[in-house]
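The values are calculated or read from the model by the stated rules, or taken from the named source; none is laboratory data. Because the structure is predicted, anything quoted here is derived from the model rather than measured. Ideal geometry is used to build each Cβ from the backbone, glycine not excepted, and the neighbour counts take in all protein chains shown. Ligands, DNA and RNA are excluded from the accessible area calculation, which covers all protein heavy atoms including side chains. Shrake-Rupley method; radii C 1.70, N 1.55, O 1.52, S 1.80 Å.
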Amino acid sequence: MLKIFRRNKTDDRATDQALSLTRNSLLSRLNNLFIRDSIPNDFWDSLEEILISADIGANTTFEIIENIQLKQLDTLHLIYSALREELISRLLLFNSESSEMDDLPYKPWVILIVGVNGSGKTTALGRLAYKYQLQDKKVIAAAGDTFRAAAIDQLQDWARELNFDVVAHQHGSDPSAVVFDALDSAIAREHDVILIDTAGRLQSSNNLMAELAKLRNVVKRKIERDPDEVFLVLDASTGQNGFSQARAFTDAVDVSGIILTKLDGSSRGGIVFSIVKEFGLPVKFVGVGQNAKDLIPFDAEVFVDALLGDISIDN
Ligand SMILES: Nc1nc2c(ncn2[C@@H]2O[C@H](COP(=O)(O)OP(=O)(O)O)[C@@H](O)[C@H]2O)c(=O)[nH]1
Ligand SMILES: [Mg+2]
């Protein structure tokens, strides 16, 4: 059985490719900075500016630079290694051990997916279903975004394409009832995984947050535990400002990890550092394209190396 959840070269290449836009804007400037014979006078200012331009965030950048400066390193080579280590350790700060997809402690394993409209929830759900199916897991989805008729169709399209089960009610019906029925089905028909899609409209965010809290309670009543995972889906291309809205979700439900979508086509790959810091949550998966395969497990080291590119420094 193919273990796609372990690090593999295809995923590493996909990370690399997805970050190419960010890297292109970073790399030549980092190269110019590090490929010198000695540490230039304006080195720290330039480094600061470059990191901020990649959307790493001002505060995070200041902290990174301060930590490296404290080490009083005297070659660019050592500074570069310290930068790499500093970036990686920041991404590992909140990372629990990686989620296993082949060895699930409960059946059904319940995953709730939340986030604003358009962030990529339904797409992420389809891709997670695909990943679990590759692990021989029987998957069912709950069409919990009953607010938009198209959302139900979209989920059913994924289900048809990938051949997993879906429970859907009519447009406008109560999402709690959908989740209730889907959990019933999952238990009766022995599904390994249930993926719950939700609405993300923010115009009436109070109602939405109340609805999500209610969904969570339905799960709790039905399986006598909280959802096993709650993934908050964030769109990388919205940049720092896009994330203030997302904070409402972490208040309403106990989010266990982040799925960062649309890393392809964004030159803001550095946003991951701000997210980890601000939300205090691990990034579990990244979306790197439009296909079923384009959701890959997040790996801090691979990510940082893809971000920094391959700079060879010999001083
Ligand atoms: N390029 C790219 N597009 C994505 C990615 N994830 C989602 N999308 C697109 O973003 C749009 C919104 O996604 P959708 O799943 O419907 O968002 P939802 O409203 O949160 O359910 C769709 O057109 C998706 O194809 C990604 O990782 N990369
Ligand atoms: Mg959707």
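Things worth noting here:
- Residue of ARG127, ARG29, ARG90 that the Gaussian network model of the chain assigns the largest fluctuation, springs spanning Cα pairs under 10 Å: ARG29
- Leading residue at positive end of dipole, the chain (Cβ point charges), from LEU92, GLY239, SER256: SER256
- Per-residue Karplus couplings for segment 37-50, computed as 6.51 cos²θ - 1.76 cosθ + 1.60 with θ equal to phi - 60°, are listed in order as 7, 9, 6, x, 4, 8, 3, 5, 5, 5, 4, 4, 5, 5 Hz, Gly and Pro entered as x.
- Taking a ≥ b ≥ c as the square roots of the eigenvalues of the Cα gyration tensor, an a/c ratio of 1.5 or more together with a/b larger than b/c marks segment 56-179 as prolate.
- Average Cα contact separation per residue, segment 109-262, under 8 Å, 6 or more apart, as relative contact order %: 33
- Computed label-point distance, nm, for sites ARG36 and LYS293 using a 7 Å Cα→Cβ extension: 4.3
- Taking Cα centre as origin and charging only the Cβ of basic (Lys, Arg, +1) and acidic (Asp, Glu, -1) residues, the dipole magnitude of the chain rounds to 760 debye.
- Taken about its Cα centre, segment 109-262 carries a charge dipole of roughly 220 debye when the Cβ of each Lys and Arg holds +1 and the Cβ of each Asp and Glu holds -1.
- Cross-link pairs exceeding 21 Å in C-alpha to C-alpha distance, out of LYS137/LYS284; LYS121/LYS262; LYS9/LYS138, comprise LYS9/LYS138.
- Neighbour net charge for THR60 - beta-carbon separation under 13 angstrom, K R +1, D E -1: -4
- Rounded to whole numbers, the Karplus 3J(HN,Hα) couplings from phi for segment 181-191 are 5, 5, 5, 4, 4, 4, 6, 5, 9, 6, 6 Hz, using 6.51 cos²θ - 1.76 cosθ + 1.60 with θ = phi - 60°, and x at Gly and Pro.
- Of all stretches in the chain that contain no GluC sites (Glu not before Pro) in a DSSP loop with at most 14 other Cβ atoms within 10 Å, the longest one is 1-96.
- Looking at the chain, the pairs of alpha carbons with a distance over 29 Å make up 39% of the total.
- Cα centroid separation - segment 27-75 against segment 188-257, whole Å: 38
- Amide proton proximity set for ASP235, modelled H, under 5 Å, gap of 5+: THR261
- Going by accessible surface with a 1.4 Å probe and the largest first, HIS77, HIS169, HIS191 read HIS77, HIS169, HIS191.
- For LEU202, the accessible area of its heavy atoms, probed at 1.4 Å with every protein chain present, is near 50 square angstrom.
- Accessible surface of LEU92 - all protein chains present, 1.4 Å probe, nearest 10 Å²: 90
- PHE298 long-range amide H proximity, modeled H, under 5 Å: PHE285, VAL286
- Degrees, to the nearest 10: 9-18 long Cα axis against longest axis of the chain: 70
- Measuring nothing but protein heavy atoms, the accessible surface of the chain at 1.4 Å probe radius is 45 percent carbon and sulfur.
- Beta bridge orientation in the chain: antiparallel %, DSSP, nearest 5: 10
- Selection from ALA199, LEU128, PHE303 lying farthest towards where the dipole of the chain points positive, charges on Cβ: ALA199
- Orientation-averaged projected area, Cα convex hull of segment 109-262 (nm²): 8.2
- Amide H partners (placed H, <5 Å) of ALA141, local residues excluded: ASP165, VAL166, VAL167, LEU195
- Once the Cβ-Cβ distance of ARG13 and LEU162 is raised to the sixth power relative to R0 = 22 Å, the FRET efficiency obtained is 0.45.
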